[in-house]
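This report concerns only the one structure given below.
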């Protein structure tokens with residue numbers, strides 16, 4: 001079938017709109033044209049035109065003095081109107097805020113898109129933040145095989161389909177990322193048994209992650225919450241898992257914790 005003229009252009013525009021939305025977070029409440037250009041390596045002229053269009057649509061505000069842009073309430077509410085549960089009522093945001101305040105570590109909400117993991121939302125930490133964690137941001141994707149988050153997501157796929165997916169990912173991986181099937185299968189089994197993923201944070205960051213699946217998610221669309229930190233931080237994974245689960249109980253399930261593990265998050269060194 002012949003390609004519809006201009007269809008690839010429209011896809012590029014759609015992608016760049018999402019990139020702009022993804023740029024804004026706790027550390028980036030405002031953005032200039034050049035901020036967007038530098039992060040995503042986009043042309044300055046078309047980026048300026050795109051931001052102006054988003055202002056006209058009511059998705060961005062523009063400060064006439066600083067010439068910087070910020071998200072409007074419409075941008076925040078647009079997607080939530082069609083959601084239910086923890087996304088609509090804001091409890092996922094409260095969960096991320098709680099973990100960031102308790103641990104000082106970077107916090108990420110992860111999802112699965114096809115055979116990739118994706119950072120759905122990102123909070124930079126105040127403790128032990130390094131260039132490795134600062135290189136991560138919302139919207140990033142990579143193959144499921146490349147991180148502990150990916151292993152956790154893969155562990156939610158029912159057998160025997162999971163084995164087929166793993167073999168496909170191994171076949172498609174670059175030589176330096178290939179791993180024996182039995183090695184990957186062992187990692188997935190550990191994730192199934194614990195409901196948690198511990199290991200490399202992926203995205204070529206060199207950072208580490210401790211992550212836990214969120215309850216009540218659709219089988220084909222799992223989500224997980226993770227704490228991300230430099231590999232040399234020497235934190236106790238078990239204490240971080242407990243901290244995440246207590247926060248999930250409090251923010252998503254309405255269960256009050258009987259203990260606190262914040263003191264246990266000190267360096268293992």
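The values are calculated or read from the model by the stated rules, or taken from the named source; none is laboratory data. Every value quoted in this text rests on a predicted model; they were computed, and no experiment measured them. All Cβ positions, glycine included, derive from the backbone under ideal geometry; neighbour counts span all protein chains shown.
Summary table below
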item	result
Sole residue being surrounded by fewer than 23 Cβ atoms within 10 Å (Cβ to Cβ) and part of a strand (DSSP E or B), chosen from 198, 228	198
Region 98-107 - residue that is more than 15 Å from the chain's Cα centre (by Cα) and more than 14 Å from residue 245 (Cα to Cα) and, of those, surrounded by the most Cβ atoms within 10 Å (Cβ to Cβ)	104
Test: residue in region 19-32 that is in the same structural domain as residue 138 (by TED's automatic domain parsing) and modelled with pLDDT under 90	no
Test: residue in region 168-180 that is surrounded by 19 or more Cβ atoms within 10 Å (Cβ to Cβ), modelled with pLDDT of 95 or more and more than 14 Å from the chain's Cα centre (by Cα)	yes
Verdict on residue 204 being assigned to a helix (DSSP H, G or I) and surrounded by fewer than 21 Cβ atoms within 10 Å (Cβ to Cβ)	no
Check on residue 215, over 20 Å from residue 101 (Cα atoms), surrounded by 16 or more Cβ atoms within 10 Å (Cβ to Cβ) and assigned by TED's automatic domain parsing to the domain that holds residue 153	no
Residue selected from region 108-132 under the condition part of a strand (DSSP E or B) and over 11 Å from the mean Cα position of the chain (by Cα), by the criterion modelled with the highest pLDDT	116
Residue identified as touching a residue at least 12 places away in the same chain (Cβ under 8 Å) and over 21 Å from residue 114 (Cα atoms) among 206, 197	206
Test result for residue 150, in contact (Cβ under 8 Å) with a residue 24 or more places away in the chain, surrounded by 13 or more Cβ atoms within 10 Å (Cβ to Cβ), touching a strand residue (DSSP E or B) at 6+ places or on another chain (Cβ under 6 Å) and part of a loop (DSSP other than H, G, I, E, B)	no
Residue under evaluation residue 221, criteria (1) assigned to a helix (DSSP H, G or I); (2) modelled with pLDDT under 95, criterion not met	(1)
Among the residues listed as 224, 173, the single one being under 15 Å from residue 107 (Cα atoms) and not assigned by TED's automatic domain parsing to the domain that holds residue 28	224
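For (1) within 20 Å of residue 122 (Cα to Cα); (2) in contact (Cβ under 8 Å) with a residue 40 or more places away in the chain; (3) surrounded by 11 or more Cβ atoms within 10 Å (Cβ to Cβ), each residue gets a yes or a no:
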{"residue": "19", "(1), (2), (3)": "yes, yes, yes"}
{"residue": "23", "(1), (2), (3)": "yes, yes, yes"}
{"residue": "65", "(1), (2), (3)": "no, no, no"}
{"residue": "77", "(1), (2), (3)": "yes, no, no"}
{"residue": "84", "(1), (2), (3)": "no, no, no"}
{"residue": "89", "(1), (2), (3)": "yes, no, yes"}
